[in-house]
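A short worksheet on the structure shown next.
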Amino acid sequence: MLHNQFSEGSESISINSGVIHYSEQVQENINFNGIVFKPNFDEDAYLPKRDWRKLNAEEIKILQPNKKKNDSNTIYLGEIPDDLKKLYQNMKLTDCNNRNEVFAKFRENERATIELNSSMANFLMTLSNNKPFKIHFLGSNFPNLEVVACDTTVLPKGYTEKDMKFLGIHNDGTQYVSTYKLYTSGNRLTINLGNQDRYFFFINITLTQALNMLKEKISVKEHEIDITNIAKYYFKYFPDYPIIKIKQKPYHYYIAPTDNCFHDGSTLGNTDLDVIIVYFGAFQF
Ligand SMILES: [Fe+2]
């Protein structure tokens, strides 16, 4: 389900006709800050097809939240309060050209960082449902990347964007959980701290639903399907299931159960560094 409190309503939402294996989609060079490269992908990476269109009335209705909405089955969209936005604007993160410059802004502005932390905590408290939350990361992505997620833990120290292997549409997970227990994993809140719009892709089914769909096609026991390989099998058998794309303007946030649904971010078409901050919690409103 999609609970949307963006002021522009459903204007920021589009839908397509599914995914395509990365090898079948033409990739252009990324060219930013003197670094030029063609993105590399994981061998099982699937990307959204580029046939985006507005949703029709029936599709909008399907995504409408109902009383069962919670932190494990719903994407929430909203905008951070004006005072918090001002504090981030004062940090001048949009001047940054790489992630080290982003970190330096916080280090150089200790007082402002402390004020930001406390304002952020107050804001997150209003969404936390009395459950614990914590920062996950502050980071950046190059502009003009069709998908941004990559497993950086397997990269060499001092890696650059050229070394990255993008995962394509995927599910998160920092430790092993049974697919049936993913509803207990909580969710993530991601704020766009950059200068330009960015995008969030998701598929409107939980991983349990994806597993049940796969059971109709193959033996999930025989193929040992779990959270580490479910995306590969799902996209092989259901490439035509549509992706929803959300336009996330600067200082807009999304909350998503990213362990429990297929998703990714995108900076396609952008020219400036993408800056985001991500919190773990069990957020809802
Ligand atoms: Fe992710």
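A Cβ distance below 7 Å, combined with a sequence gap of six or more or placement on separate chains, defines the contacts here; from the stretch 148-175, residues that are among the aromatic types (F, W, Y) reach residues that are assigned to a loop (DSSP other than H, G, I, E, B) in the pairs F166/P39; F166/D42; F166/A45; F166/V147; F166/A149.
Filter the stretch 101-151 for residues that are aromatic (F, W, Y) and in a helix (DSSP H, G or I) and give the result. Outline the logic, then answer.
First, pick out the residues of the stretch 101-151 that are aromatic (F, W, Y): 103, 106, 123, 133, 137, 142.
Scanning the stretch 101-151 gives F103, F106, F123.
Considering every residue within the stretch 202-210, establish whether at least one is aromatic (F, W, Y), open to solvent by 20 Å² or more (accessible area, probe 1.4 Å) and within 15 Å of the ligand (Cβ to nearest atom). No, the conditions are met nowhere in the stretch 202-210. When you scan the stretch 120-132, do you find a residue that is open to solvent by less than 10 Å² (accessible area, probe 1.4 Å), touching a strand residue (DSSP E or B) at 6+ places or on another chain (Cβ under 7 Å), of a type in the set (A, V, I, L, M) and within 16 Å of the ligand (Cβ to nearest atom), even just one? No, the stretch 120-132 contains no residue that is open to solvent by less than 10 Å² (accessible area, probe 1.4 Å), touching a strand residue (DSSP E or B) at 6+ places or on another chain (Cβ under 7 Å), of a type in the set (A, V, I, L, M) and within 16 Å of the ligand (Cβ to nearest atom). So, T271, is that one modelled with pLDDT under 95, in a loop (DSSP other than H, G, I, E, B) and either within 16 Å of the ligand (Cβ to nearest atom) or within 30 Å of D82 (Cα to Cα) (or both) or not? When the stated conditions are applied, T271 does not pass them.
With the structure loaded, tell me whether D82 is among the acidic types (D, E), open to solvent by less than 90 Å² (accessible area, probe 1.4 Å) and at pLDDT 95 or above or whether it fails that test. If you could, list the steps in order and put the result at the bottom.
On the way: among the acidic types (D, E): yes; open to solvent by less than 90 Å² (accessible area, probe 1.4 Å): no; at pLDDT 95 or above: yes.
It is false that D82 is among the acidic types (D, E), open to solvent by less than 90 Å² (accessible area, probe 1.4 Å) and at pLDDT 95 or above.
Mind listing whichever residues of the stretch 228-256 are within 11 Å of the ligand (Cβ to nearest atom) and closer than 20 Å to P65 by Cβ?
If we filter the stretch 228-256 for residues that are within 11 Å of the ligand (Cβ to nearest atom), which is where we start, we get 231, 256.
The one that is within 11 Å of the ligand (Cβ to nearest atom) and closer than 20 Å to P65 by Cβ: A256.
Filter the stretch 165-183 down to residues that are within 14 Å of the ligand (Cβ to nearest atom) and of a type in the set (A, V, I, L, M, F, W, C) and give me whichever is surrounded by the most Cβ atoms within 10 Å (Cβ to Cβ). Here the answer is I169.
The values are calculated or read from the model by the stated rules, or taken from the named source; none is laboratory data. Worth saying up front: this structure is predicted, and the values here are computed from it rather than measured. With ideal geometry, Cβ positions are generated from the backbone for all residues, glycine too; neighbour counts draw on all protein chains shown. Just so you know, the surface numbers come from the protein's heavy atoms only, side chains and all, with ligands and any DNA or RNA stripped out. Shrake-Rupley method; radii C 1.70, N 1.55, O 1.52, S 1.80 Å.
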